[in-house]
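As structure tokens, the structure follows; a few thoughts come after it.
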Amino acid sequence: TYMLLGMTLAFSAVTAGISMAMNLSHMAALVMTIVAFVLLFVVNKQADKASGIIWIFAFTGLLGASLGPMLNVYAALPNGGSLIMQALGGTAVIFFSLSAYALTSKKDFSFMGGFLMVGLIVAVLASIANIFFAIPALSLAISAAIILIMSGLILFDTSRIIHGGETNYIRATVSLYLNIYNIF
């Protein structure tokens, strides 16, 4: 699972770099994101077959490429490269520390599932509301909540992998990938 996760993250980084070099528009990023979420259903359906590997790379490649336009905006800022590297480093520290904790402690974090799902629904609804209200403090609070929720999901998903709750490596990789993607 972790080897596949590493390969999909590397592929995402490559497609993000290509997308940045091509200077794709934000509309192209939106289309790629929508297509990626459609592919998520295909990945889940094909997860038990060998072709699931191809679909997971298509899914993660599209999500990586959809980051390109946003990364270009941040890269154009005076300290943009530093911001991007801080986000990458912070994401790596969060993932490796929480995943290592779940692996070494062998605790069962399955009890967190309900809380995390409710938190995710509240964060999505708050995000939609903030589209209309555009309150900067709410944006910051939503970002912090998403990082906490995704951090909890890293513990939850890693625990599911350890304790046999998720035995399909493709589905396990997708869940961890999405946690990392959303933290970044």
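Which condition does residue 8 not pass, out of (1) open to solvent by less than 20 Å² (accessible area, probe 1.4 Å); (2) free of Cβ contacts under 8 Å to residues at least 60 places away in the same chain, if it passes all the others?
Here residue 8 meets the rest and fails (2).
With the condition kept exactly as written, say whether any residue in segment 98-119 is of a type in the set (Ser, Thr, Tyr), over 21 Å from residue 8 (Cα atoms) and open to solvent by less than 90 Å² (accessible area, probe 1.4 Å).
Within segment 98-119 (the criterion being of a type in the set (Ser, Thr, Tyr), over 21 Å from residue 8 (Cα atoms) and open to solvent by less than 90 Å² (accessible area, probe 1.4 Å)), the answer is yes, since at least one residue qualifies.
Mind checking which pairs have a first residue in segment 65-88 that is free of Cβ contacts under 8 Å to residues at least 24 places away in the same chain and within 24 Å of residue 31 (Cβ to Cβ) and a second that is basic (Lys, Arg) and surrounded by 14 or more Cβ atoms within 10 Å (Cβ to Cβ), Cβ under 6 Å, 6 or more apart or different chains?
none
Among the residues of segment 137-147, are any under 30 Å from residue 54 (Cα atoms), of a type in the set (A, V, I, L, M, F, W, C) and under 16 Å from the mean Cα position of the chain (by Cα)? Give the derivation first.
Filtering segment 137-147 down to residues under 30 Å from residue 54 (Cα atoms) leaves 146-147.
Those left that are additionally of a type in the set (A, V, I, L, M, F, W, C): 146-147.
Next cut, under 16 Å from the mean Cα position of the chain (by Cα) only: 146-147.
Yes, because at least one residue in segment 137-147 is under 30 Å from residue 54 (Cα atoms), of a type in the set (A, V, I, L, M, F, W, C) and under 16 Å from the mean Cα position of the chain (by Cα).
State the number of residues belonging to segment 11-32 that are open to solvent by 40 Å² or more (accessible area, probe 1.4 Å) and part of a helix (DSSP H, G or I). Explain how you work it out, then say what you get.
Filtering segment 11-32 for residues open to solvent by 40 Å² or more (accessible area, probe 1.4 Å) gives 11, 13-14, 18, 20-27, 30-31.
Then drop every residue that is not part of a helix (DSSP H, G or I), which leaves 11, 13-14, 18, 20-22, 26-27, 30-31.
Total meeting the criteria: 11.
So, in segment 143-184, exactly how many residues are of a type in the set (Asp, Glu), surrounded by fewer than 22 Cβ atoms within 10 Å (Cβ to Cβ) and in contact (Cβ under 8 Å) with a residue 12 or more places away in the chain?
Here is the first cut: in segment 143-184, the ones of a type in the set (Asp, Glu) are 157, 166.
The next check asks that each one be surrounded by fewer than 22 Cβ atoms within 10 Å (Cβ to Cβ); those that pass are 166.
Narrowing further to those that are in contact (Cβ under 8 Å) with a residue 12 or more places away in the chain: none.
Of the residues in segment 143-184, 0 are of a type in the set (Asp, Glu), surrounded by fewer than 22 Cβ atoms within 10 Å (Cβ to Cβ) and in contact (Cβ under 8 Å) with a residue 12 or more places away in the chain.
For the subset of segment 42-60 comprising residues that are open to solvent by less than 20 Å² (accessible area, probe 1.4 Å) and of a type outside the set (Gly, Ala, Ser), which member is nearest to residue 14 (Cα to Cα)?
My answer is 60.
Given the criterion more than 30 Å from residue 51 (Cβ to Cβ) and not small (Gly, Ala, Ser), identify the matching residue among 150, 112, 117.
It is 112.
Go through 162, 128, 135 for me and flag whichever is under 27 Å from residue 39 (Cβ atoms) and modelled with pLDDT under 95.
Within the list 162, 128, 135, the selection yields 128.
Which is within 14 Å of residue 8 (Cα to Cα) and open to solvent by less than 70 Å² (accessible area, probe 1.4 Å), of 63, 39?
Among 63, 39, only 63 is within 14 Å of residue 8 (Cα to Cα) and open to solvent by less than 70 Å² (accessible area, probe 1.4 Å).
Restricting to segment 153-183, give me the number of residues that are among the aliphatic types (A, V, I, L, M), over 18 Å from residue 60 (Cα atoms) and in contact with an Asp or Glu (Cβ under 9 Å, 6 or more places away or on another chain).
1
The values are calculated or read from the model by the stated rules, or taken from the named source; none is laboratory data. Only a predicted model underlies this, so the values are computations on that prediction, with no experimental measurement involved. Heads up, the Cβs are rebuilt from the backbone with ideal geometry, glycines too, and the neighbour counts pull from every protein chain shown. With ligands, DNA and RNA removed, areas are computed over all heavy atoms of the protein, side chains included. Shrake-Rupley method; radii C 1.70, N 1.55, O 1.52, S 1.80 Å.
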